[in-house]
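As structure tokens, the structure follows; a few thoughts come after it.
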Amino acid sequence: MLEARNLSVEFASRGRRARAVDGVNLAVGAGEIVALVGESGCGKTTLARTLLGLEKPAGGEVFYDGKPLSYKARELKAYRRRVQLVLQDPTGSLNPRQTVYEAVAEGPRIHKLPDEEKVVADALSRAGLRPPERFFLRYPHELSGGQRQRVVIAGALALNPDVLIADEPVASLDASVRGEILALLLRLRDDLGLSALVVTHDLGLAWNIADRVAVMYLGRIVESGPTEQVLQSPQHPYTKALLSVLPESPEKIVLTGEPPDPTRIPSGCRFHPRCQVVFGDCRTVPLQILPAAETQQAACHLLKLDG
Amino acid sequence: MTVAPSASQELEETPVRNGMLRYALSKAGGALLSISMVIVATFFLFRLLPGDPVRALAQGRNMTPEQLDLERHRLGLDKSLPEQFFQFVKQTVQFDLGTSYEYKRPVLDLIGERIGSTLLLTGTALVIAVTLGIWQGARAGWKPGSRFDRFSTAISLVLWSVPTFWLGLLLLMVFAAGVGPIPGVFPTRGIESVDAPDGFGYVLDVAKHMVLPCLTMVAVVYAQYLLVMRSSVLDEVGQDYVTTARAKGLKDDDVRRKHAVPNALLPTVTLVFMRIGFVVGGAVTVEAIFSWPGLGQLFYEAIRVPDFTLMQGTFLLITVSVIVMNTLADVVYHLLDPRVRSA
Ligand SMILES: Nc1ncnc2c1ncn2[C@@H]1O[C@H](COP(=O)(O)OP(=O)(O)OP(=O)(O)O)[C@@H](O)[C@H]1O
Ligand code: SF4
Ligand SMILES: [Mg+2]
């Protein structure tokens, strides 16, 4: 349904080029929830923004329903109705001077949808704000964090999209309301068949809601597959290291070395300066870019040795 | 919008209004306190200035010491300082600003005659400067680092650092005599020609006289509006709600117009009012340079005499209106911003 094919995104950073996304294949199927995990700065947000058409790729393409995304104004606008965005901080995502009604009605107004008031009311109740009329004239600052995030989600739902891209949707919320928002995403998937790409660095969250997980390191997917397989039997040393910091993990693998810098991508396997089990080939022999496959796969020279 | 408020929300309005009223009252109290301090300060400030007003008034005329004493008595300057002070305070709170030493007329009347031209000049200059500054600042801040932004910022930094009187004198020199092929097109003194026609011709005549002083004032104050608006818009550019609006399909121009500019306008306009003193200061200088018959020039002339009561009066009026403007700006800001409204 929504697919990244060999996508790369570059920024100019202090005179150098930073490849924030460097060759990513990723697909989100209909009614599927995919979690994109990885440490800070690995390019998750950039990938999400590019999938939304907010950032233009330096290479590769975004496909939607099998067709490449066009950046012409009219076609991009039509695309906005299909793929919607939910950001981390609901306080920042809402214009503080707009009421809940205005915030949710913005999408329908831009796209000139009929029955604006009904669309807004429906979106609010689907997002769990009931009765919706009670919230129409509220301002964001009068609501709790969880309610605000529901308003943001309602604003996305008002366009009746097929896919939600949620960038750390609960990271700024209290632990007590995180579960509620995640349950809401799951219910939207069940009731409306909504697909979602959920960006997170919380593996527990990925475990709870995702059908599939993609692990990103320095602009590239290093492991992907069904959630249970990837999180219970990780194959890539980086995934193993990420999982080892969970409290229930028996042994901790502490990642050493500098945090990765997208202006200086190491040769060979990009993870080799920090890898526990690095060996000869890793430093020089480049790895293939993983395809957008359903089954578990990892980009690591070790696996080739095994197989 | 076509949505009626629900009953529960109407109930909640009351505490919000009360909070606002309390806020407005506390601000008004603060303003009153400042004004009283200004009254006290004004009195002593102008008595510290060098120069004997009676001698200054007597200049050019032959007066015996007895006549000088008589004049001093007439002006109340022979009383002790505390006596003069209480007299001054008593009159001021009754809106009696005293009688000008020089003009021998009530200061309030003199102010009344001049205030119109000042309001005309500063009002026009402010409207132009605010409109231009906000428009240009919004565009510059929306695309930081763009050519338009660099150009705007450079211009405003230059204008900001140029002293008002220097720019005024430059314009005066260029347009009084004309430079090279540029003839002296605009009048450089006063508000009207001696032989000004009536009706529409008169309006045109005043407008022509206003061009240079107005240009000077606009040039000097518009830079700060531009820079303030630029930085306010810049604060909004990276906000998540701007991204969210884009992701919903709003055109870039509309995102700026509907989200960024309104939100940036509030802090900008407040700041504009808070810095109104800057404009007033500029007006005094500009009026003096172009002999514009307004309050600024009145004040300037009063200093040269020195005419204590006239100085006090104009100074008080100007200071008090700055305080009132600032207070109003503060209260209006709170009234308009839903975040602080009920906080
Ligand atoms: N607009 C930009 N200009 C220049 N560099 C950028 C820009 N946006 C992101 N980057 C760089 O791209 C890299 C990836 O950033 P990105 O925000 O995508 O990471 P992330 O995985 O979302 O991190 P986090 O978990 O902290 O949100 C970082 O090194 C960042 O500095
Ligand atoms: S390829 Fe080598 S360095 Fe890279 S993850 Fe595998 S073992 Fe580690
Ligand atoms: Mg991010």
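Things worth noting here:
- Greater than 28 Å apart at Cα, pairs in B:LYS143/B:LYS258; A:LYS44/A:LYS112; A:LYS56/A:LYS240: A:LYS44/A:LYS112; A:LYS56/A:LYS240
- Overall form of chain B per C-alpha gyration tensor (a/c, 1.5; a/b vs b/c): oblate
- For A:GLU55, the residues whose amide H sits under 5 Å from its own are A:THR50, ignoring neighbours fewer than 5 places away on the same chain, with H placed 1.01 Å from N.
- Rounded if a/c under 1.5, otherwise prolate or oblate - region A:1-50, Cα gyration tensor axes: prolate
- Under 5 Å, built H, 5+ apart or other chain: amide partners of A:ASP22: A:VAL9, A:ARG220
- What chain B shows is 53 Å² of accessible area per residue, with the surface traced by a 1.4 Å probe over protein heavy atoms.
- Most to least packed among B:96-106, B:152-162, A:276-286 [average Cβ atoms within 10 Å]: B:96-106, B:152-162, A:276-286
- Helix-only [θ]222 nm of chain A, DSSP H runs n ≥ 4, -39500 (n - 2.57) each, per residue, nearest 500: -9500 deg cm²/dmol
- When accessible surface is computed with a 1.4 Å probe, chains A and B are found to bury approximately 2600 Å² between them, both chains counted.
- Once the Cα atoms are used to define both axes, helix A:73-82 deviates from the longest principal axis of chain A by about 90 degrees.
- Alpha carbon centroid spacing (whole Å) that separates region A:53-111 from region B:294-322: 59
- Toward the positive end of the charge dipole of region A:43-100, with +1 on the Cβ of Lys and Arg and -1 on the Cβ of Asp and Glu, the farthest Cα among A:LEU69, A:ALA48, A:THR91 is that of A:LEU69.
- Among B:241-251, A:123-133, sorting by the average number of other beta carbon atoms lying within 10 angstrom of each residue, highest first, gives B:241-251, A:123-133.
The values are calculated or read from the model by the stated rules, or taken from the named source; none is laboratory data. This one's a predicted model, so the numbers in the text were calculated from it and none came from an experiment. Backbone-built Cβ (ideal geometry, glycine too); neighbour counts: all protein chains shown. Keep in mind that these areas ignore ligands, DNA and RNA; they rest on the heavy atoms of the full protein, side chains included. Shrake-Rupley method; radii C 1.70, N 1.55, O 1.52, S 1.80 Å.
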